[in-house]
Amino acid sequence: MYKIGVIGDRESVLGFKAVGLDVFPCDSQEEANKAFKKIAGGDFAIIYITEVFYKGMALEVAEYIDKRLPAIIPIPDKDGSLGIGMESVKKAVERAVGADILFGGDK
């Protein structure tokens with residue numbers, strides 16, 4: 001059975017544990033990168049990563065961008081969104097459809 005993992009700072013991810021997700025609290029980018037490498041090739045179908053850490057692991061995430069699993073999804077942390085999650089969705093739709101149908105180009 002597949003699992004769902006959440007990587008991020010302790011305050012942002014501990015709530016996910018209450019609903020049964022596997023959480024990987026990290027205090028640094030290095031810890032987040034190690035956690036990602038550890039779980040990306042495993043039984044995880046979805047990996048949520050707080051935007052701050054997601055931003056620092058662009059190369060690692062790029063390796064999985066066109067693979068079916070795991071789905072890697074940036075989420076806001078306790079301080080709010082940096083807009084990275086929405087930009088990620090926009091790029092995924094553009095790759096799939098071939099055009100920006102969400103925001104209509106320059107908007």
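The values are calculated or read from the model by the stated rules, or taken from the named source; none is laboratory data. Predicted, not measured: the structure shown is a model, and the values here were computed from it. Reconstructed Cβ throughout: ideal geometry from the backbone, glycine too, with neighbour counts over all protein chains shown. Heads up: the accessible areas ignore ligands, DNA and RNA and are worked out on the full protein's heavy atoms, side chains in. Shrake-Rupley method; radii C 1.70, N 1.55, O 1.52, S 1.80 Å.
I'm checking my understanding of the structure. Among residues of segment 34-56 that are over 18 Å from ASP22 (Cβ atoms) and of a type outside the set (D, E, K, R), which one is most open to solvent (accessible area, probe 1.4 Å)? Filtering first and then ranking leaves VAL52. If you go through segment 19-74 and keep only what is of a type outside the set (A, V, I, L, M, F, W, C), more than 13 Å from SER88 (Cβ to Cβ) and part of a loop (DSSP other than H, G, I, E, B), you end up with GLY20, ASP27, SER28, GLY41, GLY42, ASP43, GLY56, GLU63, ASP66, LYS67, ARG68, PRO70. Only a single item in (1) among the aromatic types (Phe, Trp, Tyr); (2) surrounded by fewer than 17 Cβ atoms within 10 Å (Cβ to Cβ); (3) more than 13 Å from the chain's Cα centre (by Cα) is not met by TYR64, and it is number (3). Taking first residues from segment 74-90 that are of a type in the set (Asp, Glu) and partners that are modelled with pLDDT of 80 or more, the Cβ contacts under 7 Å between residues at least 6 apart in sequence or on separate chains come to ASP77/GLY8; ASP77/ASP9; ASP77/SER12; ASP77/THR50; ASP77/GLU51; ASP77/VAL52. Here VAL13 passes the criteria (1) within 26 Å of LYS91 (Cα to Cα); (2) buried (at least 19 other Cβ atoms within 10 Å of the Cβ); (3) in contact with a helix residue (DSSP H, G or I) (Cβ under 6 Å, 6 or more places away or on another chain) except the one numbered (3). All of LEU69, LEU59 fail the test of being surrounded by fewer than 18 Cβ atoms within 10 Å (Cβ to Cβ), more than 13 Å from VAL6 (Cβ to Cβ) and touching a residue at least 40 places away in the same chain (Cβ under 8 Å), apart from LEU69. For VAL23, the test of being within 17 Å of LYS78 (Cβ to Cβ), among the hydrophobic types (A, V, I, L, M, F, W, C) and within 12 Å of the chain's Cα centre (by Cα) is failed.
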